[in-house]
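A short worksheet on the structure shown next.
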Amino acid sequence: MAKNSSNATQVLVIGLGRFGSATAMQLVRQSSEVLGVERDTALVQKMSGQLTHVVEADATDIDALRQVGAADFNAAVVGVGTSIESSVLITANLVDLGIDRIWAKAISPAHGKILARIGAHHVIFPEADAGRRTAHLVSGRMLDYIEFDDDFAIVKMYPPRETQGFTLGESNVRSKYGVTVVGVKSPGEDFTYARPETMVTSRDTLIVSGHVDLLERFAARP
């Protein structure tokens with residue numbers, strides 16, 4: 001696997017535990033070419049045949065990464081989290097190899113700060129992120145929740161009663177609650193971009209964006 005050898009996105013995934021393997025498998029489903037690197041023989045055997053390539057190697061050794069062609073990749077994911085030392089060494093190796101985009105898993109704010117300072121472009125906190133997302137989902141009518149920077153989020157939710165049977169223009173959600181209905185999905189139909197004349201029914205699903213606190217307030221409406 002080398003850069004630009006095909007039109008498919010090529011991603012190096014190091015560490016094939018729960019997080020790394022889930023990431024790698026999803027990338028494959030998205031038609032990416034994935035090279036998985038793992039030093040645990042059992043995990044290598046488990047993932048063999050499921051990814052484009054899987055190799056057994058110690059990614060804390062930069063020479064081992066060179067031998068598997070890691071420098072040929074534009075993007076890499078470091079899924080190692082239980083060993084902070086290994087995570088940091090692997091990330092530093094990828095930086096030294098000139099990888100353009102590095103995503104690294106962190107298990108604590110201090111771990112994440114170190115990864116960012118040595119050159120990781122994106123630091124991921126999967127457990128903390130999943131916990132926050134779950135808390136939002138179990139506390140109201142939200143069906144899905146994605147949070148971005150500056151407390152901005154997009155949610156999928158059931159429509160409050162006060163919007164049912166009215167167009168979005170009539171219910172005036174934005175001026176009342178400070179959030180924006182981006183799309184509406186009716187049963188059996190694709191999502192459509194929201195317009196003032198879009199009618200909302202009790203069976204619809206809304207895609208709504210805005211500040212987290214305002215979204216929580218809107219989603220808490222009966």
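Read-outs throughout are calculated quantities, based only on the coordinates presented, and are distinct from any laboratory measurement. Here the structure is a predicted model, which means the values were calculated and not measured. A quick note on method: Cβ atoms are made from the backbone with ideal geometry, for glycine too, and the neighbour counts reach across all protein chains shown.
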* Which of the trypsin sites (Lys or Arg not before Pro) found in segment 127-222 are loop residues per DSSP with 13 or fewer other Cβ atoms within 10 Å of their Cβ? -> ARG203
* Asked: Going through segment 1-77, which trypsin sites (Lys or Arg not before Pro) have at most 12 other Cβ atoms within 10 Å and a DSSP loop state?
  -> LYS3
* Relative exposure of MET157, MET25, judged by other C-beta atoms within 10 Å (fewest first) -> MET25, MET157
* **Exposed GluC sites (Glu not before Pro) absent - longest run of the chain, DSSP non-H/G/I/E/B, at most 13 other C-beta within 10 Å** => 1-188
* To do: Within the set of other residues whose C-beta is less than 10 Å from the C-beta of ARG133, count the net charge using Lys and Arg as +1 and Asp and Glu as -1.
  => -2
* For LEU16, LEU27, order by how many other beta-carbon atoms lie within 10 Å, fewest first -> LEU27, LEU16
* So what is the relative contact order of the chain, in percent, for Cα pairs below 8 Å that sit 6 or more residues apart? -> 13
* What's the center-to-center distance, using Cα atoms, between segment 53-85 and segment 194-222 in Å? -> 43
* **Amide proton proximity set for THR9, modelled H, under 5 Å, gap of 5+** => GLU33
* Sort LEU143, LEU115 so the one with the fewest other Cβ atoms within 10 Å of its own Cβ comes first. => LEU143, LEU115
* How much length, in nm to one decimal, is gained on full extension between ARG133 and ALA42, taken as 0.36 nm per residue of separation minus their Cα-Cα distance? -> 29.6 nm
